[in-house]
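Below you'll find the structure, written out as structure tokens, and then a few comments.
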Amino acid sequence: MTERIVLDCDPGHDDALAMILAAGDPRVELLAVTTCAGNQTLPKVTRNALAVCAVAGIEVPVAAGAVGPLVRPQMVAPEIHGESGLDGPVLPEATLELDPRHAVDVIIDVVMAAEPGTVTLVPTGPLTNIALAMRKEPAIVERVKRVVLMGGSYTRGNKTPTAEFNIAADPEAASAVFSAPWPVTMVGLDLTHQATADADVVARIEAIGSPLSSFVVDVLEFFGSTYREQQGFTDGPPVHDLCCVAWLCDPEVFTTQEAFVAVELTGTWTNGMTVTDFAGLFGRPNNTDVAITLDKPRLWDMTVDAIASLSARTEGAVR
Ligand code: PIR
Ligand code: CA
């Protein structure tokens, strides 16, 4: 059985890898790509999504969504992703036309048109579009199979000491998503910092020798350089968003543990923190499966395979 997914993203180097795995792995069916302001402004991340579709031969609806968070001022991450949001590779011209619908409507249309319990939402940016879709069509909450989101953490932050960027960027939206009665998997920094694209991985991708593989190498090299300079990483960069799609391809790629997760909205220093209660100390029912330990070889094997398979598929078109 293939997992049918909508990828809601803000590409973004690691979002680009998530798109590529979603399109290239036979265990996942990518139904649509929607974009949300996050790593960069909405026009920039939408342009980047279309560029990734062009280089990877992805042909699904791509729709632009929220221009900014529900409540707070906008936050972008040029120090990590560059001015374009996807600095490093040469970005090809779009080959697809943007879907005329708003991302929120694409999410609703896909979920409501499918059999109940068959569509998984995979948000890899701020949760603005998902929260807006819930409010516009509340029936999606019981129809969606699961929400597998990159965001949060239980040990640390990257935007602040306690908050991860995607949650910090729109904590009110994140709070709505965690508190809704649908199954949520939180793929946070504790997991994704294990998912580094080290030199051996980059070499395996380079060896594929296609236009797509050199694009991915350029993506990982730029991301690696900012992670070395800005975040003090000594090996490769952590390819956060890829991990969500990888788990839908193969649930053995990481372990999970249930917890009650709440998003801090009124902290003095802790806004956007995903307070994670594994031990039931709040006495609240668990609402989240929290990603814990990564099988790193499994992650990179499937990612290399997906790039190779998309490269073979697009060969005719590119050469
Ligand atoms: C990564 C991101 C934002 C800021 C930093 N410092 C690093 C983006 C990634 O695309 C990922 O989805 C998430 N936000 C990790 O925090
Ligand atoms: Ca992202």
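The values are calculated or read from the model by the stated rules, or taken from the named source; none is laboratory data. Please read all numbers here as calculations on a predicted model, not as lab measurements. With ideal geometry, Cβ positions are generated from the backbone for all residues, glycine too; neighbour counts draw on all protein chains shown. These accessible areas exclude ligands, DNA and RNA; they are computed on the full protein's heavy atoms, side chains included. Shrake-Rupley method; radii C 1.70, N 1.55, O 1.52, S 1.80 Å.
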- Residue list for segment 188-201, restricted to those being open to solvent by 10 Å² or more (accessible area, probe 1.4 Å), touching a residue at least 12 places away in the same chain (Cβ under 8 Å) and not in a loop (DSSP other than H, G, I, E, B): Asp190, Thr196, Ala199
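To keep it simple, each residue is scored yes or no on (1) under 20 Å from Asp87 (Cα atoms); (2) within 16 Å of ligand 2 (Cβ to nearest atom); (3) open to solvent by 10 Å² or more (accessible area, probe 1.4 Å); (4) basic (Lys, Arg).
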{"residue": "Arg135", "(1), (2), (3), (4)": "no, no, yes, yes"}
{"residue": "Glu164", "(1), (2), (3), (4)": "no, yes, no, no"}
{"residue": "Met186", "(1), (2), (3), (4)": "no, yes, no, no"}
{"residue": "Gly209", "(1), (2), (3), (4)": "no, no, yes, no"}
{"residue": "Phe223", "(1), (2), (3), (4)": "yes, yes, no, no"}
{"residue": "Leu242", "(1), (2), (3), (4)": "yes, yes, no, no"}
- Exactly one of Val122, Val104 is of a type outside the set (S, T, N, Q), buried (at least 23 other Cβ atoms within 10 Å of the Cβ) and away from ligand 2 (no atom under 16 Å from the Cβ), and that one is Val104
- Item | Residue identified as among the basic types (Lys, Arg) and either under 27 Å from Val55 (Cβ atoms) or buried (at least 24 other Cβ atoms within 10 Å of the Cβ) (or both) among Arg146, Arg204 | Arg204
- Message: Tally up the residues in segment 39-67 that are buried (at least 19 other Cβ atoms within 10 Å of the Cβ), more than 23 Å from Val110 (Cβ to Cβ) and within 17 Å of the chain's Cα centre (by Cα), please.
- Response: 3
- Somewhere in segment 172-181, is a residue open to solvent by 10 Å² or more (accessible area, probe 1.4 Å), among the polar types (S, T, N, Q) and closer than 25 Å to Gly280 by Cα? yes
- Task: Sort out which residues of segment 10-40 are in a loop (DSSP other than H, G, I, E, B), out of contact with any Ser or Thr (no Cβ under 6 Å at 6 or more places or on another chain) and within 14 Å of ligand 1 (Cβ to nearest atom), and write them in order of number.
- Result: Asp10, Pro11, Gly12, Ala37, Gly38, Asn39, Gln40
- Return the pairs, sorted by first residue and then second, in which the second residue is more than 12 Å from ligand 1 (Cβ to nearest atom) and charged (D, E, K, R), the first residue lies in segment 224-239 and is under 16 Å from Ile205 (Cβ atoms), the beta carbons are less than 7 Å apart, and the residues are 6+ apart or on different chains. Asp235/Asp198; Gly236/Asp198
